[in-house]
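Structure record follows, encoded as structure tokens.
Read-outs: derived from the displayed coordinates by stated rules, not from any lab. Just so we're clear, the structure is a prediction, and the values are computed from it rather than from any experiment. No Cβ is skipped: glycine too gets one built from the backbone with ideal geometry, and neighbour counts run over all protein chains shown.
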Amino acid sequence: MSGTDDLSQAERLIAECKNRIARQREVIANAFQKGHDPEVPVSMLRALEASLRAFETHRQLILDRKKSDDWQERGSCSFARTSAKSRK
């Protein structure tokens, strides 16, 4: 999978997780309104929030790797141009 594909997948997972968190907050609100114990829905919300943090960390790793790869690529291109000029 390319860096762009990895980043797209990470962005999609983050968006899906944010949607699930919003829905879970609605579940919790409904539980409160109906007088149900919100312990289980709140626990699920915490798990979803932890997943979101993990997805965001993964996305940052992808971005850092891409930045590093871009920097190395620019550096090698710059070196190649400098080497070619010095040979003239």
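Data overview
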quantity	calculated
FRET E, pair Ala29, Glu56, Förster distance 35 Å, beta-carbon r, rounded to 0.05	0.90
Between region 39-66 and region 1-38, the alpha-carbon center distance in angstrom	10
Cα-based Rg of region 2-71 normalised by 2.2 N^0.38 Å, two decimals	1.47
